[in-house]
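Engineer: Below are the structure tokens for one structure; questions will follow.
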Amino acid sequence: MFVSRPVGVAALCSLVALLGCEPKQPLEPKVEPKTPPKTTTNAPAAVDADTILLGEVGSLTGSEATFGLSTKNGVQFALDEVNAAGGIVVDGKAKKVAVRVYDDQGKSEEAANAVSRLINQDKVVVILGEVASSNSLAMAPKAQAAQVPMVTPSSTNPKVTEVGDYIFRVCFIDPFQGTVMSKFALDTVKVKKVAILKDNKSDYSLGLSQYFVDHFTKNGGTIVAEEAYSKGDTDFRGQLTAIKGKKPQAIYVPGYYTDVGVVARQAKELGLAVPLLGGDGWESEKLFELGGSAIDGSYFSNHYSTDDPTPRVQNFIKSYEAKYGSKPDSLGALGYDAAMVAMEAIRRAGSTNGPKIRDELAKTKDHPGIAGTITLDDKRNAVKPAVILQVKDGKSVYVATVNP
Ligand code: PHE
């Protein structure tokens, strides 16, 4: 006879008793060993006393892989620069800096596991990451509880740094980013009727669409349709058909590049010939591959542009390209900035003590970053301009800078 519900230990015991034999070992539910998160080789397995170890969590594989890979390159670039200049003096001794990186495959549960491992096992002194706000939100409470400062290079949802005083970011936040695109839509694209297509599973997408809607509707615009999908969906035709029926002049899609690329293609197939508008989540070379000509002419807000003529920025772009074979996207720039800000704080603290590094991070002011100058406000957020980029012939072109 088969029992469809799980067999309890008590039931098993009585079964064993009935059969007249004793189990050799107590019957316990089998616990599968947790597979450790994948590590990459940036840091030696054992770190000696002369090395300061940082931790990083990112999506090195999966549908947001370019987010993690670019960030990792940017972070490593910063470490190489600091190490080449002699490292950082802590407790009166010059030490090298290394980073241990775990791949979370773009999944929040994996990000949470990885951060626990970095804190408890690797004993890192600072955590860098994540990119996606939902993943940073899964990590932040653990960093906060352990008093290990966490610096997210690029998570823009306000809730991330609200977790506590150990959580910092070197980028702007979404209430600003949403306003930037709403203003641009009204004043420059000159559209008054916009549809929204958002990712219901992403804190980033939900927040950003709401900030856009708030500003847009308060300033004379109308939202004619609001549709949603879930990360990983591949068929958006139902939502797009509903949107088409409402005749929008543009569609705001604050999602990540893989989904947005497919959305653009399917919108074009359905004859929806209006520009798409988006946020920093569009930032990836892959967007152009996936979206093809369907994404051409669309606009998105971002943290920096490779067209920025500032010598510091152009020098960074040149040496990054020489090292990695492609120009840094905004994640490469922000990864570099986050690592630099963190290492500066360690240098000023002269210590790897969490509370001391935290205090120095909080004082970050006028730091010359690649994606803008970084001054952290009392909520541990950077206040700095955004840029608007337009997709043209398989690349993004600088259109405007918007100050806070
Ligand atoms: N801001 C996005 C988020 O919070 C992440 C992101 C930043 C993606 C920059 C691309 C570029 O989820």
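Engineer: Taking VAL274 as meeting all but one of (1) aliphatic (A, V, I, L, M); (2) touching a Pro at 6+ places or on another chain (Cβ under 7 Å); (3) farther than 18 Å from ALA185 by Cα, write down the number of the exception.
Structural biologist: (3)
Engineer: Given (1) open to solvent by 10 Å² or more (accessible area, probe 1.4 Å); (2) within 11 Å of the ligand (Cβ to nearest atom), where does GLN249 come up short, assuming only one miss?
Structural biologist: Looking at each condition in turn, GLN249 falls short on (2).
Engineer: Quick one: in the range 277-325, of everything that is out of contact with any helix residue (DSSP H, G or I) (no Cβ under 6 Å at 6 or more places or on another chain) and among the aliphatic types (A, V, I, L, M), which residue is surrounded by the most Cβ atoms within 10 Å (Cβ to Cβ)?
Structural biologist: VAL313
Engineer: Looking only at residues that are touching a residue at least 60 places away in the same chain (Cβ under 8 Å) and assigned to a loop (DSSP other than H, G, I, E, B) in the range 106-127, which one is most open to solvent (accessible area, probe 1.4 Å)?
Structural biologist: First, the residues of the range 106-127 that are touching a residue at least 60 places away in the same chain (Cβ under 8 Å): 110, 113-115, 117-119, 122-127.
Among the residues that remain, those that are also assigned to a loop (DSSP other than H, G, I, E, B) are: 122-126.
Values: ASP122: 24, LYS123: 137, VAL124: 10, VAL125: 23, VAL126: 0 Å².
Out of the qualifying residues, it is LYS123.
Engineer: If you check VAL148 against the conditions, is it at pLDDT 95 or above, in a loop (DSSP other than H, G, I, E, B), open to solvent by 10 Å² or more (accessible area, probe 1.4 Å) and away from the ligand (no atom under 14 Å from the Cβ)? Show your work before the answer.
Structural biologist: Numbers: at pLDDT 95 or above: yes; in a loop (DSSP other than H, G, I, E, B): yes; open to solvent by 10 Å² or more (accessible area, probe 1.4 Å): yes; away from the ligand (no atom under 14 Å from the Cβ): yes.
When the stated conditions are applied, VAL148 passes them.
Engineer: Sticking with this one: Does SER205 satisfy the criteria of being within 16 Å of the ligand (Cβ to nearest atom) and under 18 Å from ASP280 (Cα atoms)?
Structural biologist: On the way: within 16 Å of the ligand (Cβ to nearest atom): yes; under 18 Å from ASP280 (Cα atoms): yes.
Yes, satisfied.
The values are calculated or read from the model by the stated rules, or taken from the named source; none is laboratory data. Keep in mind it's a predicted model, so treat the numbers as computed, not measured. Quick reminder, even Gly has a Cβ in these numbers, built from the backbone with ideal geometry, and neighbours come from all protein chains shown. Keep in mind that these areas ignore ligands, DNA and RNA; they rest on the heavy atoms of the full protein, side chains included. Shrake-Rupley method; radii C 1.70, N 1.55, O 1.52, S 1.80 Å.
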